[in-house]
Amino acid sequence: MYYISTRGDAQHSSRKTFTEILLGGLAPDGGLYLPEFYPQITHTELDHWRGLANASYADLAFAVLSKFIDDIPAADLKALIDKTYTAEVYCNGRAGDQASDITPVRWLEPGLGLLELSNGPTLAFKDMAMQLLGNLFEYVLAKKGEEINILGATSGDTGSAAEYAMRGKHGLRVFMLSPYGRMSAFQRAQMYSLQDANIYNIAVRGMFDDAQDIVKAVSNDHAFKARHKIGAVNSINWARVAAQVVYYFKGFFAATRSNDEQVDFVVPSGNFGNICAGHIARMMGLPIGRLVMATNENDVLDEFFRTGVYRPRGAAETCTTSSPSMDISKASNFERFAFDLVGRDPAIIRELWAKVDAGGSFDLSKTPCFADLPKFGFVSGKSCHAERLATIRQTFEKYGVMVDTHTADGLKVGMAARTTGRPMLVLETALPAKFEEAIVEALGRKPERPTAMLGIENLPQRVEVMDVSVDAVKQFIALNAGA
Ligand SMILES: *Cc1c(COP(=O)(O)O)cnc(C)c1O
């Protein structure tokens with residue numbers, strides 16, 4: 001299996017293998033990597049995978065990921081996947097809840113279920129891919145005899161998922177910038193209480209955008225970046241998307257008895273990474289009826305699917321909402337879907353993203369490819385603060401189930417798009433315990449916390465507080481990044 005860039009040519013010279021693109025981010029031409037073709041799954045294979053899915057998530061993950069990873073020996077890949085997706089290890093966050101399945105379906109009523117993706121250590125779906133990434137990184141770095149220093153900025157979820165995935169791993173360190181005093185006490189405790197020597201938390205006296213700007217400035221200093229082997233684990237990383245393909249298969253098998261049935265999936269979306277994995281599963285031949293994409297007030301993606309206009313917003317136009325992990329106005333993974341939509345023509349993507357990268361927009365409404373959009377099964381919708389709180393209340397009253405604000409956006413949009421005759425699975429992307437304030441606003445009571453997380457605010461914290469200064473951050477990295 002070879003990988004190509006959405007903006008490159010498909011000539012032999014630019015093709016890369018999985019481990020060649022694992023540690024990097026963007027392709028050198030600024031595009032995103034995608035497999036040269038999507039492996040096609042036969043019905044016989046689907047039947048076999050249904051059996052695997054019933055037995056263990058890890059076995060299914062190995063079958064799916066082997067289609068995309070062929071340059072790690074099978075026995076090694078199997079061991080890495082087994083190590084990642086063992087319920088006792090993976091579901092540590094819900095320890096005591098007897099989690100025996102990595103991604104169970106919780107049926108709200110016949111035909112409507114939640115695909116639970118937040119049983120991982122940080123209680124959000126990003127763990128699903130990030131936990132595997134940590135093990136893959138460690139393995140490949142050891143093989144190559146290399147080290148890496150991962151630099152990132154976070155406003156909450158991504159940073160903690162990355163830190164919990166990379167903690168204690170050999171050959172890598174994590175330097176994670178966060179806005180000082182702007183995360184919830186729970187989020188701070190999740191990140192800052194990690195005592196692992198390879199995890200460095202840096203709180204900058206500024207906003208999330210200031211932290212992000214520092215990361216960009218450091219990454220643009222190519223000499224510094226090369227000297228200190230700076231890397232990233234952002235959402236455009238191909239391995240993260242690939243790891244997410246697995247649970248669409250898992251959900252499909254849980255909701256059907258035969259491969260002649262279809263399932264609709266509803267995905268609370270921000271950077272388009274989660275739903276992009278669903279798109280890929282569908283392209284592989286998984287019988288997905290529709291992919292329902294839900295956004296919050298930041299509706300750049302919903303606007304595209306309705307009108308054909310993709311108009312990323314600037315930071316000033318991005319609003320802070322009660323589903324903050326979807327507060328994104330430039331959906332980095334969207335380029336992957338657009339590549340398929342325009343018939344995999346990199347020249348068109350180069351032209352469209354020249355506009356996007358210059359701060360502009362593009363309009364496909366009058367092109368044949370926009371007319372093709374229904375072929376890809378997408379439906380979209382948005383949800384606002386009042387709607388998500390109402391959905392949290394209704395779901396609790398009707399089913400006795402507490403959902404978080406992001407999952408509520410999905411439920412709201414999914415219910416409106418529901419058709420009879422096909423089961424619908426809403427992807428649960430975080431546990432309510434992560435967003436206590438909004439739950440209290442909706443229900444007048446606090447969500448339950450997994451036992452492993454009780455009282456984490458009282459643990460000692462390890463964090464370096466700094467002014468908004470690129471030089472200070474560089475100095476800190478240089479001092480701690482090893483030789
Ligand atoms: C990251 C995140 C999302 C959005 O996922 P994308 O892959 O960026 O579309 C939704 N919900 C939660 C809780 C998240 O952490």
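Inside region 446-483, residues that are within 30 Å of Leu431 (Cα to Cα) and not in a helix (DSSP H, G or I) make up a count of 14. For region 87-115, the candidate set comprises residues that are under 20 Å from the mean Cα position of the chain (by Cα) and polar (S, T, N, Q); within that set, the residue that is modelled with the lowest pLDDT is Asn92. Residue selection: Arg388 fails the criterion of being within 29 Å of Glu428 (Cβ to Cβ), touching a Cys at 6+ places or on another chain (Cβ under 8 Å), among the charged types (D, E, K, R) and open to solvent by less than 20 Å² (accessible area, probe 1.4 Å). When region 34-54 is filtered for residues that are at pLDDT below 95 and open to solvent by less than 30 Å² (accessible area, probe 1.4 Å), only Ala53 remains. Which ones in region 420-441 are among the hydrophobic types (A, V, I, L, M, F, W, C) and more than 16 Å from the ligand (Cβ to nearest atom)? Met424, Val440, listed by residue number.
Candidates are the residues of region 250-292 that are within 20 Å of the chain's Cα centre (by Cα) and among the basic types (Lys, Arg); the one that is farthest from Asp101 (Cα to Cα) is Arg290. Restricted to helices (runs of 4 or more DSSP H) entirely inside region 184-247, those with at least 3 residues that are acidic (Asp, Glu) and open to solvent by 30 Å² or more (accessible area, probe 1.4 Å) are 208-220.
Residues in region 319-344 that are assigned to a helix (DSSP H, G or I) and of a type in the set (A, V, I, L, M, F, W, C): Met326, Phe334, Phe337, Ala338, Phe339, Leu341.
In region 103-119, the residues that are surrounded by fewer than 21 Cβ atoms within 10 Å (Cβ to Cβ) reach residues that are of a type in the set (Gly, Ala, Ser) with C-beta atoms within less than 6 angstrom, at least six apart or across chains, in these pairs: Val105/Gly113; Val105/Ala254; Trp107/Gly113. Out of Ala277, Ala316, Ala294, Ala281, report the one residue that is aliphatic (A, V, I, L, M) and open to solvent by 10 Å² or more (accessible area, probe 1.4 Å). On inspection, the qualifying residue turns out to be Ala316.
The values are calculated or read from the model by the stated rules, or taken from the named source; none is laboratory data. Predicted, not measured: the structure shown is a model, and the values here were computed from it. Please note: Cβ atoms are built from the backbone with ideal geometry, for glycine as well, and neighbour counts cover all protein chains shown. For accessibility, only protein heavy atoms count, side chains too; no ligands or nucleic acids. Shrake-Rupley method; radii C 1.70, N 1.55, O 1.52, S 1.80 Å.
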